[in-house]
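Rule-based calculations on the coordinates, nothing more; no lab input. All figures in this text were calculated on a predicted structure; none of them were measured in a lab. Cβ: placed from backbone, ideal geometry, glycine included. Neighbour counts: every protein chain shown.
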Amino acid sequence: MDTLIQQLINGVTLGAVYALVALGYTMVYGIIGLINFAHGEVVMIGTMVAFTVIVSLAGSGMPPLLVLALGLAVSTLVCMVLGWALERVAYRPLRHAPRLTPLITAIGMSIVLQNVAMIIWGRNYITFPPMINKQIYDLGGASFTNVQVSIVFLAALMMIGLIYLVHRTRIGMAMRATAQNPQVASLMGVDINRVIAMAFVIGSALGAIAGCMVGSYYEIAHYQMGFMLGLKAFTAAVLGGIGNLAGAMAGGLLLGIIEALGAGYIGDLTGDFLGSHYQDIFAFIVLIIVLMFRPSGLFGERTGDRA
Amino acid sequence: MSTAIKSLARHQHWLALLVVGVVLLLVPFVAALGGQAWVRIANFAILYVFLALGLNIVVGYAGLLDLGYVAFYAVGAYTYALLASPHFAIHLPFWVILPLGAGLACVFGVLLGAPTLKLRGDYLAIVTLGFGEIIRIFMNNLNAPVNITNGAQGITLIDPIRIGGFSLSQSSTFLGVTLSGPQKYYFLLVGLAILVIVINIRLQDSRIGRAWQAIREDEVAAKACGINTRNIKLLAFAMGASFGGIAGGVFSAMQGFVSPESFSLMESITILAMVVLGGMGHIPGVILGAVLLTGLPEALRYGIEPLQKMVFGRLLIDPESLRMLVFGLALVLVMRFRPAGLWPSPQRRRELSESTD
């Protein structure tokens, strides 16, 4: 029983991070139908920038919480600019190109960002300095830390903010209109270019925050960390029905929980035949099973054919 | 007059083939002047031509976006490695294993294809990607409790392709010409590549090929025209997978070593990039893409270090990451300025110029 609670806690923490990253994928996909493969790399850059800021300010005598907040703010800002630049330089010229062309561009950008990060931060693992005094709370035999609590809390706050933005503000309305039909939206006076750029900027900001969470949770960062994280988050987005905001959140949480439970129980279930290093395949097996029965994800609309 | 031009055109056709043939024949000897490493690079270029043309069937002809193609390559490679190495002390001859590997990869292709028939576009892409990762993770971890794949260490001492006492890995002399091991593999690979090119050309205008193209353009309309879309799509998966399986077997034999590291997602992506960068669905384009994307990183490997020393006087940036950086930038730039690929098929180019009007 305590294993169950423990894995659920870990799963929710991980799921909150996946959900934030998945939102970045799903917003861009919902509006221009592009899998932004470089999004995982944006998250990684966010982590790295936060790390640099925190390390360089750690000895300055500032209160740790302020340092942490500064790290978060700077990395969010850098990633917003990066997301905007990505769209402007790499994707906007290809908006009317064949479908696979921007996908290859996205892959190219992902390789570029990864190697730029390696040139700047080196190829070794870097460890995050612990900024908060970690406190451990007990819950029915399982334990959780204040880091986990703040991750889940911050993620929930971000998601509520995003839902408010999309459903209650003018730019949100423009986004929903563009997602439905870009041509008609532009006839109604929506500046399509601005809306698409906004989707990239907001997605990247969420990604940067998720990156900081991963960094402070695992206390470690690496220039290749964005790849698998991005892959899982994209899986989460597809699981929930890509293009659907609530779907991405639910998909992320679900994926985190499934992964944590899978890692906790696979050894017992298979008589130690399969160990916890099979953790990574759960995401994909669940995805395949879900898509077999619901080809457009759990919450995706059953759309007709759209080429 | 017109007949003379026609016959000239026909002769030109043969002349071009002759030139290509002579060049192909000379490549291993010219490359050997720079060392056997260059022959190996040429071999890999041709192996990737083979793989890219296999993927071209799935992506280019049938329009099914497959991001896990490397899984079939891995199945073929491991089939060969397990059945022709001291790992299980089994040493079957290659003419048994290569078809077996192709068949097994084909079965995996159908296994992947069957549950994903209903999916389209990007949903299919992520499922194939996941499938590729599942295969790789299994290869990485199937060393306990029963050691099947030897985990991350991989399998070593794999038998080369040999017929009787004639082994492709040692050098031998024919008619006064000495051929090294890699050079012999080169000729085997060229033979295989020609085979896959012929199959691709024949498929293109066959009933099946046209059915694939119909599905690619509009699946509902294709179904309404009486095409059995289920079987035809499965056939595309199965055929693409078989080619992957054969390529994997040859890779195993040529390297003498396989490990899960060779079958990462990046590998799938690189093969897809070859197809798209060259010109999807167009055979010469795909070949060009494969040769360029194999050759470019190697050329950069040998070019970047001296260039940096020349410009800055010392090694300023780690050459390995700079190499990948240039590779990524090249992908972005080519797609920016030639969105349909470097050498798209004439039909596709027409479609594109029409759609922008």
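Sorting the Cα pairs of segment B:35-282 by distance into bins of 5 Å, from 0 upward, gives 1, 7, 13, 18, 19, 15, 11, 8, 5, 2, 1, 0, 0 percent per bin. Net length available on complete extension from B:A89 to B:V22 is 20.0 nm, with 0.36 nm assigned per residue and the Cα-Cα distance removed. Let a ≥ b ≥ c be the square roots of the eigenvalues of the Cα gyration tensor of chain A; is it rounded (a/c under 1.5), or, if not, prolate (a/b larger than b/c) or oblate? Oblate, since a/c reaches 1.5 and b/c is not below a/b.
Ellipticity at 222 nm from helices only: DSSP H runs of n ≥ 4 in chain B, each -39500 (n - 2.57), divided by the residue count, give -24000 deg cm²/dmol. When the Cα atoms of the protein assembly as shown are aligned to their principal axes, the ranges along those axes come out at 81, 62, 60 Å in descending order. What is the distance in Å between the Cα centroid of segment B:110-154 and that of segment B:37-103? After rounding, the separation between the Cα centres reads 15 Å. Peptide A:86-94 has a mean of 2 when you count, residue by residue, the C-beta atoms of other protein chains within 10 Å of its C-beta.
Computed from the C-alpha gyration tensor, the three semi-axes of the ellipsoid equivalent to segment B:50-182 are 32, 21, 12 Å, from longest to shortest. Here's the list of lysines a cross-link from A:K134 could span, going by alpha-carbon distance under 30 Å and ignoring same-chain residues fewer than 8 apart: A:K232.
Distance between the 7 Å Cα→Cβ label points at B:F257 and B:R202: 3.8 nm.
The modelled label-to-label distance for the pair A:R194/A:R294, using points 7 Å beyond Cα in the direction of Cβ, is 3.6 nm.
What FRET efficiency, computed as 1/(1 + (r/R0)^6) with R0 = 60 Å and r the Cβ-Cβ distance, is obtained for A:I132 and B:R338, rounded to the nearest 0.05? Using R0 = 60 Å, I get an efficiency of 0.75.
For chain A, excluding the exposed loop sites themselves (chymotrypsin sites (Phe, Trp or Tyr not before Pro), DSSP loop, at most 12 other Cβ atoms within 10 Å), the longest remaining stretch covers A:126-272.
Across segment A:119-134, rounded Karplus estimates of 3J(HN,Hα) from the backbone phi angles (6.51 cos²θ - 1.76 cosθ + 1.60, θ = phi - 60°) give 5, 6, 9, x, 9, 8, 5, 10, 9, 6, x, x, 9, 9, 5, 6 Hz, Gly and Pro being marked x. Any chance you could tell me what percent of the C-alpha pair distances in segment B:266-314 go past 14 Å? The answer is 58 percent, as a whole percent. Taking 7 Å steps out from each Cα toward its Cβ at A:V149 and B:I163 produces label points 7.5 nm apart. Once the Cβ-Cβ distance of B:Y302 and A:V116 is raised to the sixth power relative to R0 = 22 Å, the FRET efficiency obtained is 0.45.
Spread over its residues, the convex hull of the C-alpha atoms of segment A:1-41 is 68 Å³ per residue.
Here segment B:107-193 is treated as a sphere whose radius is the Kirkwood value from Cα pairs; by Stokes-Einstein at 37 °C and 0.692 mPa s it diffuses with a coefficient of 193 µm²/s.
In straight-distance terms, cross-link reach from B:K223 covers every one of the lysines whose alpha-carbon lies under 30 Å from its own, apart from those fewer than eight places away in the same chain; here that gives B:K118, B:K233. From helices alone, chain A scores -24500 deg cm²/dmol at 222 nm; the rule is -39500 (n - 2.57) for each run of n ≥ 4 DSSP H residues, then divide by the residue total.
Look at the dipole of the protein assembly as shown built from charges on Cβ: of B:W212, A:V74, A:T3, the Cα furthest out on the positive end belongs to B:W212. Working value for segment B:217-357: equivalent-ellipsoid semi-axes of 35, 24, 11 Å, each the square root of 5 times a Cα gyration tensor eigenvalue, largest first.
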